[in-house]
Amino acid sequence: RRRRGSTRPPAMASGASLSGLPAPVELFVCGRLCLLGEHSDWAGAYRHPEAVIPAGMCLVVGTSKNQGIHALVSLDPSSPMTFTMVSTDDQGVSRTKRFPLDDRVSLQTEAKAGGFWSHVAGTLFALLFSVIDGDGDGDDADRNKKTLVSERVKHAMATHNNPGIVLSNHKTTLPIAKGLSSSAAVCVLVARAFSKVFSLELSNETEAALAYAGERETPSKCGRMDQAGCAFGSGKLTLLSFTGDDVVVTPVVEVGAELFFVVADLRSSKDTVGILADLQRAFRKELELPVDERNSNNSLAHLLGDMNHEIIGNAVKAIGSGDVAALGEVFETAQLYFDAIAGEASPARLGPNGSPKLFETRTHALLKQHILAAKGVGSQGDGSVQFLCASAEKAKTVCEVLQGELNLPGAFVLEVPASKTN
């Protein structure tokens, strides 16, 4: 069902409960902006004896409190063993769907069907039937033993007589399908809803792992960057390293100068699933080549491996020293090589020919004088564009030019504050 208007249920008083059930819980999940390292997360997951591939590495920042998904989760004893979600998109249009929590085949079938609800169904499947370890989450009694998250979820549900769960996403201020990980944010939201309403105290890492497992049940064969970027919170600059199924999270604590990014919806369309399929197909073919050919300077393996490490290393150095101009040069270099190499692997979806709206906007003469760099967002393509600016004033001007001259309203500024020690 689709409808417009507020879908937010009346809030209960703090600490209140219905029939002894936990009170409803307010939730917020941000999106993520990948600054550098896109696609290296899934590339870093390829681990086999003949694959000499450096770990994937991404530099991400969580979107602000003004760009995210707002929701309320509660328990409903009148509809046992169900999960009902009201989802409101960024245009204010809402839709509702109910899922059976005791039917793993139904959840998996819905996940594999694709579309919006597939991400919800996939995450529900991960929460209830996956073998993800929840070690380190929960109270002290649980920290010393390994317990599957699915076992903890089922135990918590049984404790409350297997009630239904209602998740009301009453407001979404995150642009949908524009490279800011809106689908991953939904997956994190579902995992966080279970954690909060049942007091499971799942860590950000576990929430991200569940969301990743859920999204992998869908046709979107993403890497692990998106979920991790959404789970760790707003405005946090983070370095993510991916090796196989392992994710190492390293906060970037040395920020020598405040950073100003402008993110704009290109008001076009992108095919993330197609981009992933193209690049992963080309990447797998490269893995069959001899090592010297696989790591040639124009290969995806080089772009997403050694070159990516060098680019991100230079970016972290520039950020730490407060050299924003040098950071801009790093961004421009990254985009240049991405267009040349990834664009060749996915010519209908990437590069100047495959994503003409992105190319036209980031190279527009009216913007050049106000920006230090411009590059694609997320998987890239004609979804969104990001600009690095030298000041808040420049960022404001970029937003004005985008709206007034390029007919691209709704651009927003994402600020990363300088370290307190600087």
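The values are calculated or read from the model by the stated rules, or taken from the named source; none is laboratory data. Everything numeric here is computed off the predicted structure, so don't read it as measured data. Ideal geometry is used to build each Cβ from the backbone, glycine not excepted, and the neighbour counts take in all protein chains shown. These accessible areas exclude ligands, DNA and RNA; they are computed on the full protein's heavy atoms, side chains included. Shrake-Rupley method; radii C 1.70, N 1.55, O 1.52, S 1.80 Å.
Selection of segment 188-245 for residues being touching a Pro at 6+ places or on another chain (Cβ under 8 Å), open to solvent by 30 Å² or more (accessible area, probe 1.4 Å) and of a type in the set (Ser, Thr, Tyr) yields only 199. Looking across segment 335-358 at every residue that is in a helix (DSSP H, G or I) and among the hydrophobic types (A, V, I, L, M, F, W, C), the one that is surrounded by the fewest Cβ atoms within 10 Å (Cβ to Cβ) is identified as 336.
Cβ-Cβ distances below 6 Å connect the following pairs, each with a first residue in segment 297-312 that is touching a residue at least 12 places away in the same chain (Cβ under 8 Å) and of a type in the set (S, T, N, Q), a second residue that is outside any helix (DSSP H, G or I) and open to solvent by less than 10 Å² (accessible area, probe 1.4 Å), and a separation of six or more residues or different chains: 308/37. In segment 81-94, the residues that are outside any strand (DSSP E or B) reach residues that are of a type in the set (Phe, Trp, Tyr) with C-beta atoms within less than 9 angstrom, at least six apart or across chains, in these pairs: 89/116.
The set of residues from segment 376-394 being open to solvent by less than 10 Å² (accessible area, probe 1.4 Å) and either basic (Lys, Arg) or outside any loop (DSSP other than H, G, I, E, B) (or both) comprises 376, 384, 385, 386, 387, 388, 389. In segment 51-80, the residues that are in contact (Cβ under 8 Å) with a residue 24 or more places away in the chain and part of a strand (DSSP E or B) form Cβ pairs under 6 Å with partners that are open to solvent by 10 Å² or more (accessible area, probe 1.4 Å) and of a type in the set (Phe, Trp, Tyr), at six or more places apart or across chains, as follows: 68/28; 70/28. Of the residues in segment 213-227, how many are within 18 Å of residue 176 (Cα to Cα) and part of a helix (DSSP H, G or I)? Residues in segment 213-227 being within 18 Å of residue 176 (Cα to Cα) and part of a helix (DSSP H, G or I): 4 in total. Going through segment 116-127 one residue at a time, which ones are under 17 Å from the mean Cα position of the chain (by Cα) and of a type outside the set (Ser, Thr, Tyr)? Across segment 116-127, the qualifying residues are 116, 117, 119, 120, 122.
Annotation note: of 422, 407, 314, the sole residue that is farther than 24 Å from residue 30 by Cβ, open to solvent by 40 Å² or more (accessible area, probe 1.4 Å) and modelled with pLDDT under 95 is 422.
Contact map, segment 351-362: residues that are touching a residue at least 60 places away in the same chain (Cβ under 8 Å) paired with residues that are of a type in the set (Val, Ile, Thr), Cβ distance under 9 Å, separation 6+ or inter-chain. Pairs shown: 357/385; 358/377; 358/385; 361/385. The sole residue among 259, 279 that is closer than 27 Å to residue 64 by Cβ and open to solvent by less than 30 Å² (accessible area, probe 1.4 Å) is 259. How about segment 268-315: which of its residues are of a type in the set (S, T, N, Q) and either out of contact with any strand residue (DSSP E or B) (no Cβ under 8 Å at 6 or more places or on another chain) or more than 27 Å from residue 250 (Cβ to Cβ) (or both)? Selection gives 268, 269, 272, 280, 295, 296, 297, 298, 299, 314. Do we have any residue at all in segment 395-404 that's part of a loop (DSSP other than H, G, I, E, B) and under 26 Å from the mean Cα position of the chain (by Cα)? No; the residues of segment 395-404 include none that is part of a loop (DSSP other than H, G, I, E, B) and under 26 Å from the mean Cα position of the chain (by Cα).
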